[in-house]
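Notes follow the structure.
Nothing in this text is a laboratory measurement; each read-out follows from the coordinates by a stated rule. Owing to the predicted nature of the structure, the values given are computational and were not obtained by experimental measurement. Methodologically, a virtual Cβ is constructed for each residue, glycine included, from the backbone with ideal geometry; neighbour enumeration extends over all protein chains shown.
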């Protein structure tokens, strides 16, 4: 059976109170029960002491004295709290019984050596009995004395108490459930308000926030946490929209260039050299588009969380030298040199494949933005376990640094094609660095930009 939250609160709290109340009521009933029977047993002991004092014995024979006292009216009737007496010898012969027993007798234990108490009934009347051994001067048991008194009053008291406790218990649970239910309804009213506010939030009003309760309690923390989550979702949605717009722009640019080139070729016949030149332009745009799609695929794989890395020790200098070969042509065209200040035995802990992608993108970025006839410095700090790649280009302003690792962000303010690239390289670098637990930072000033990779120890 499915219950609402406030009903569950009412049920569980009522159940807890019910268990506690039941324990208290059982203790109360037990105390009254024991007190009642202790009082009856004390009366029986007083009667037993009085009877024993009137008995005499000779050897193993019991002699009964003061017979008229036992023939009093209280021993002749069953009604009005009578006292019942029965004496048997050690041969199980009835020596005496009070007149009110008439033809009946009490069951007893012939071999009883100590006093004990038990309950029985006569004519549907409840009795409390005590059986006591009778001993002579030598300590020999010569008979058994059974004394009984009515326990009707105690029975009625206990029965009424039990009935009262049961009725009170049920009434208490009913009232308690209703009170807790109403209290729970009032207590979770702020939660229902949060639910109503949250249910009205969608993609179109994602900037809406939940109202914060006046008291800074758990509900306040819940609403605050949900608002923080909504802020992150809003940022993510905006980034996705920006990503879609930027991706569309980056893809449309080479496609437009390719289409324009083909349209020019179709307008009229041209010389073979012109055809060759236009085809080369179209191929360059195709390569640009292919590189963009490869980077988008890399970024999607990294962000999907499906990449499994296996870090191992990697020699850093050979890795950079191999990556530099890919950009040798670009370096020669700009007459830019690579200076390595990295020991041959410098080791880092990383996944070689993804570390190669990081180094390749950083070198690509350095060569693209570095000065002609300039240089690229790669240095290794063995103390901090840090690799630094420095170019001496125009630099990056302080306003641009926070956005440098965003997708499709390029530090050149215009989306000029003078410097090739899509703005995805550094975003991929950041994602892979986080994946490999490499701390990447960037510092820049006019004429110098440094990317630093601090590897895990």
Ranked by how many other beta carbons lie within 10 Å on average, peptides 317-329, 442-454 from highest: 442-454, 317-329
Length released on extending from residue 281 to residue 326, taking residue separation times 0.36 nm less the Cα-Cα span: 14.1 nm
Helix 152-187 vs. the chain, principal-axis angle (Cα, 0 to 90°, nearest 10): 20 degrees
Label-point gap, in nm, between residue 18 and residue 93 - each point 7 angstrom along Cα→Cβ: 6.3 nm
Modelled FRET efficiency - R0 30 Å, residue 339 with residue 235, Cβ distances, 0.05 increments: 0.15
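Counting pairs of alpha carbon atoms under 8 Å apart in space and at least six apart in sequence, what relative contact order in percent does the chain give?
Working: 577 pairs, mean separation 44.3, N = 457.
Averaging sequence separation for qualifying contacts and normalising by length gives 10 percent for the chain.
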Degrees separating the helix 352-369 axis from the principal Cα axis of the chain, which is the longest one: 40 degrees
Estimated [θ] at 222 nm from DSSP helical runs (n ≥ 4, -39500 (n - 2.57)) normalised by residues in the chain, nearest 500: -17500 deg cm²/dmol
Extension reserve of the residue 224-residue 140 stretch, reckoned as 0.36 nm per residue once the Cα distance is removed: 21.6 nm
Helix axis angle, 218-267 relative to the chain longest principal axis, alpha carbon, degrees: 30 degrees
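Counting other beta carbons within 10 Å of each Cβ, put 226, 359 in order, fewest first.
With the sparsest Cβ surroundings first, the list reads 226, 359.
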Residue 8/residue 157 FRET efficiency (R0 30 Å; Cβ-Cβ; nearest 0.05): 0.15
Spatial separation of Cα centroids for region 1-51 and region 153-202, in angstrom: 21 Å
Theoretical gain in end-to-end length, residue 169 to residue 203 [0.36 nm per residue, Cα-Cα removed]: 6.9 nm
Fewest-first ranking of 378, 166, using other Cβ atoms within 10 Å as the exposure measure: 166, 378
Region 5-160, Cα convex hull volume normalised per residue, Å³: 131 Å³
